[in-house]
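Participant: Can you read through this structure? Questions will come right after.
The values are calculated or read from the model by the stated rules, or taken from the named source; none is laboratory data. Being a predicted model, the structure only gives us computed values, none of them experimental. Cβ placement follows ideal geometry from the backbone for every residue including glycine, while neighbour counts extend to all protein chains displayed. Protein only, heavy atoms only, side chains kept; ligands, DNA and RNA dropped before computing areas. Shrake-Rupley method; radii C 1.70, N 1.55, O 1.52, S 1.80 Å.
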Amino acid sequence: MAVIVLDRAPSIALGKHTVRRGRRVADTAATWVICGVFGLALIPLVSLLWTAVSRGLSRLDADFFGNSMRGVVGAGGGALHAILGTGLITGATIVLSVPLGIAAAIYLVEYGRGPFARAVTFLVDVMTGIPSIVAGLFAYTVFSMVFGPGVRSGVAGALALSLLMIPVVVRSSEEMLRLVPDDLREAAYALGTPKYRTIGKIVLPTAISGIVSGSMLGVARIVGETAPLLLVAGYSDAMNYNLFSERMTTLPVYIYQQWKFKGADVASYDDRAWTAALVLIAFVLVINLASRLVAKWFAPKTR
Amino acid sequence: MGTVVAERPAVRDSGLNRLVGQPEGTRPPGKRWGKAPKASTGVERAGDRAARRLATAAGATILVALAGVGLFLLARGLPAVRAGQGDLPEGATSFWQLAGPLAFGSVWAAALALLFAIPVAVAVALFISMYAPRRFAGPLGATVDVLAAIPSVVYGLWGLMVFAPMTAGLYRWLSDHMGWFPLFAGKPSATGRTILTAALVLAVMVLPIIAAVCREVFLQTPALSVEAALALGATRWETIRLAVFPFARSGIVSGAMLGLGRALGETMAIAMVLSPTPFLMSVRLLNNTNPNTIAASIAQNFPEAYGMEVNALIGLGLILFVITFAVNYLARRVVARSQPGA
């Protein structure tokens, strides 16, 4: 425990009125600075949200949700192909990473012993910090080895995103599984329940709300990813229903595309970009909120 | 099942877990988590064996995947190191001529971003944990976390179309009045798309993660220290300086390093905001010509790259992977050493 030494101790005695003037001024100044900086930090957030809403509303119409960009030059067009692509790639990512992540968490909590388990824990930490673009390069190298150079497909994008989502799922599931009291496990064992049934019937149901909530946060993290998809899923203007062949656009890449390849009619490209940004922000915030609610509402009842 | 009552320790939802994906304040001080109890010592049943193998296989998959990342990038990146002029992107004569300035740009942009982000993040964390009424601490923290939830491509769009034009005037003023300062030298950019703008956007993006870590460690300050300081008549600021900061120093450092790891790997915001110049290594902040970063360069060049260019970009990715790996590893070492109670 640190010993607290005040530099000018003698002047402090009975509350605020006797506090020496310099110290009071410093305290007030610190309060103002800290409150001011907090307000400053919120300015970008407010500005960004305001711009997204004010510029995005202009194209938030049925056309935007009903059309792709196929054959569109200038005004009109929509993001249906990007919304479809986001749905397909996100779905594939969930299929790839949620079962694997939960299984790895079960391994770490229920089975993991010794150096191998420590290595897995360490690598999950490392995975949390992988830059998303590196994940994209990895997916590209894997797929180009099988399908040749220049390969682009939705499932390659899903592989890259899985690399980013798995650590989130493992970490949150692991934490939730560790919160399940050992009393429950011991009670099951005492009744002669095999370990795998204990995990399946007792441990997982108790932790399920936290696991679902953690997985949703993983989805919120990957749904806005742009860089890896730019590399391996590419972009197109048309609908693509097939994850396994051809380029597939997602909403974040759509935003980038609208900005990068704008035609003469700049305003309509910018408007589409901001509308897509607004939809994307709303989507991410809804997932975040829903994940909090799931964690709160479906938590095991403690009395 | 309805009668089973699960007792969970109160988990403080600080948002940190969601941002960095690591266990938060639930860990008992100074004590490792206990392992789940063993089921039995008898013969393993078929179902048990299958379940154990399945779970172990999942763990092994993670191991293999990460080893794969390193090995695949190495295998595909190495040829570029030997490649000569004509094969490399941007007409580079050697791989290192390409990689050196980009690595510098990545580190320079991330360092600038941290320079702005750390003080603001500490102040934000202090405000939420020490100044704001307890009732609002949760909602305020969630508001700051919204900053982390916004996709980077949206930051890019905002930085490019809203923020950069606003900074152009400021840069002209800085250049006119403080041009003698080496960092502000040269002709100021008219568009505002400089490395300083990019670093400021990056700072906004890494702010929430640093603030979340700081908030977490500030809240873990031993109540006794705080009360002792208050009992001696310390003002709130003195309490923070004397009781909170010394306790939280390593936490702030590790939060900053996690932010650094994120800033180094951030791609889209830089790729969109910055107007880069190939092979440039310069510390000037306000010019039209700016050093590019590794991540942004990959994103800009990869879609049109072919042949050896692809290998060169993969090699750059490997360098970025190694740098962020080292930074994250150090950050976690600091976290591990500074567990509360240590």
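Participant: I'd like to know which of A:254, A:267, A:91 lies farthest towards the positive end of the charge dipole of segment A:80-297, counting +1 on Cβ of Lys and Arg and -1 on Cβ of Asp and Glu.
Facilitator: A:91
Participant: So which DSSP H runs in chain B come out at 27 Å plus along the axis (Cα) with average Kyte-Doolittle of at least -0.5?
Facilitator: B:46-82, B:95-126, B:195-219, B:245-265, B:308-337
Participant: Work out the charge dipole of segment B:88-246 with +1 on the Cβ of Lys and Arg and -1 on the Cβ of Asp and Glu about the Cα centre, then indicate which of B:137, B:148, B:222 is farthest towards its positive end.
Facilitator: Looking along the dipole axis, the top candidate is B:137.
Participant: Then there's this: Report the paramagnetic label zone for residue A:113: residues of segment A:140-184 whose backbone N is under 13 Å from a point 7 Å from Cα along the Cα-to-Cβ axis.
Facilitator: So the set is empty, nothing qualifies.
Participant: Averaged per residue, what accessible surface does segment A:16-136 expose to a 1.4 Å probe, in Å²?
Facilitator: Averaged over the residues of segment A:16-136, the accessible area is 44 Å².
Participant: Further question on the same structure: Using only the Cα atoms of the protein assembly as shown, build the gyration tensor, take square roots of its eigenvalues as a ≥ b ≥ c, and label the shape rounded, prolate or oblate: rounded if a/c is under 1.5, else prolate if a/b is larger than b/c, else oblate.
Facilitator: oblate
Participant: Here's a follow-up. Can you tell me how much longer the chain between residue B:329 and residue B:111 gets when fully stretched, taken as 0.36 nm per residue apart minus their C-alpha distance, in nm with one decimal? Before the final figure, lay out the partial values.
Facilitator: Working: separation 218, 0.36 × 218 = 78.48 nm, distance 1.76 nm.
Full extension from residue B:329 to residue B:111 adds 76.7 nm.
Participant: Also, I was wondering about something else. So which residue, out of A:228, A:205, A:167, gets the largest mean-square fluctuation from a GNM of chain A using Cα contacts under 10 Å as springs?
Facilitator: The residue with the greatest mean-square fluctuation here is A:205.
Participant: Return the distance in nm (one decimal) between the two label points of a simple spin-label model at residue A:285 and residue A:70, each offset 7 Å from Cα along Cα→Cβ.
Facilitator: 3.4 nm
Participant: Using a 1.4 Å probe on protein heavy atoms, which residues of segment B:150-194 have at least 20 Å² less accessible area in the complex than alone?
Facilitator: B:150, B:151, B:153, B:154, B:157, B:158, B:160, B:161, B:162
Participant: About the Cα centre of the protein assembly as shown, what is the dipole size in debye to 20, counting +1 per Lys and Arg Cβ and -1 per Asp and Glu Cβ, all else neutral?
Facilitator: 1900 debye
Participant: Once each part is reduced to its C-alpha centroid, what is the distance from segment A:88-150 to segment B:75-124 in angstrom?
Facilitator: 25 Å
Participant: Let me know the charge dipole size of segment B:73-196 about its Cα centre in debye, to the nearest 20, where only the beta-carbon of Lys, Arg (+1) and Asp, Glu (-1) is charged.
Facilitator: Working: 7 positive and 4 negative charges, 39 e Å.
So the dipole magnitude of segment B:73-196 works out to roughly 180 debye.
Participant: State to the nearest 20 debye the size of the charge dipole of chain B about its Cα centre, where the only charges are +1 on K and R beta carbons and -1 on D and E beta carbons. Walk me through the intermediate numbers first.
Facilitator: On the way: 28 positive and 15 negative charges, 231 e Å.
It works out to roughly 1100 debye.
Participant: Which FRET efficiency value, to the nearest 0.05, do you get for residue A:201 and residue B:245 by plugging their Cβ-Cβ distance into 1/(1 + (r/R0)^6) with R0 = 35 Å?
Facilitator: Efficiency for this residue pair is about 0.10.
Participant: Just to be sure I understand the rule: take each whole DSSP H helix in chain A, project its Cα atoms onto its long axis, keep it if the span is 15 Å or more and its mean Kyte-Doolittle hydropathy is at least 0.0. Which ones pass?
Facilitator: A:21-56, A:80-106, A:114-128, A:132-147, A:154-179, A:204-223, A:266-297
Participant: Determine how large the accessible area of residue A:201 is when every protein chain is in place; take a 1.4 Å probe and give Å² rounded to the nearest 10.
Facilitator: 120 Å²
Participant: Ignoring ligands, DNA and RNA, what percent of the 1.4 Å accessible area of segment B:272-329 is carbon and sulfur? Could you put the intermediate results ahead of the total?
Facilitator: Values: 1210 of 1910 Å².
Exposed carbon and sulfur together represent 64 percent of the surface.
Participant: Using the heavy atoms of the protein chains alone and a 1.4 angstrom probe, what is the accessible area of segment B:63-337 per residue in square angstrom?
Facilitator: 38 Å²
Participant: Using modelled amide H (1.01 Å from N, peptide plane; none on Pro or chain starts), what sits under 5 Å from the amide H of residue B:290, excluding residues fewer than 5 places away?
Facilitator: Here the answer is B:277, since their amide H atoms fall under 5 Å of that of residue B:290.
Participant: How would B:329, B:131 line up by accessible area, probe 1.4 Å, largest first?
Facilitator: B:329, B:131
Participant: Additional query: Nearest 100 Å² is fine: what is the total accessible surface buried where chains A and B meet, probe 1.4 Å?
Facilitator: On the way: alone 17470 and 19290 Å², together 27240 Å².
Buried area between the two chains comes out at roughly 9500 Å².
Participant: Sticking with this structure for a sec: How large is the accessible surface of residue B:44 in square angstrom, using a 1.4 angstrom probe and rounding to the nearest 10?
Facilitator: Roll a 1.4 Å probe over it and residue B:44 shows about 70 Å².
Participant: Turning to a different aspect of this structure: Round to a whole number: what % of the accessible area of segment A:80-297 belongs to carbon and sulfur, probe 1.4 Å?
Facilitator: 69 percent
Participant: If I model a spin label at residue B:46 and residue B:187 as a point 7 Å from the Cα along the Cα→Cβ vector, what separation in nanometres do I get?
Facilitator: Those two pseudo-labels are separated by 8.0 nm.
Participant: Could I ask something else about it? Classify segment A:191-266 as rounded, prolate or oblate, taking a ≥ b ≥ c as the square roots of the eigenvalues of its Cα gyration tensor: rounded when a/c is under 1.5, otherwise prolate if a/b is larger than b/c and oblate if not.
Facilitator: Cα axes put segment A:191-266 in the prolate bin.
Participant: Between residue A:25 and residue A:191, with labels modelled 7 Å along Cα→Cβ, what's the label distance in nm to one decimal, could you check?
Facilitator: My value for the distance between the label points is 7.1 nm.
Participant: Right, here's the next one. FRET efficiency for residue B:54 and residue A:145, Cβ-Cβ distance as r, R0 = 30 Å, nearest 0.05? Let's see the in-between values first.
Facilitator: Numbers: r = 27 Å, r/R0 = 0.91.
It comes to 0.65.
Participant: Would you please state which residues of segment B:251-292 a label at residue B:94 would reach in this model, taking the label point 7 Å out along Cα→Cβ and a backbone N cut-off of under 19 Å?
Facilitator: From segment B:251-292, the list is B:279-281.
Participant: Answer rounded, prolate or oblate for chain B, using the Cα gyration tensor with square roots of eigenvalues a ≥ b ≥ c: rounded when a/c is under 1.5, else prolate when a/b is larger than b/c, else oblate.
Facilitator: Oblate, since a/c reaches 1.5 and b/c is not below a/b.
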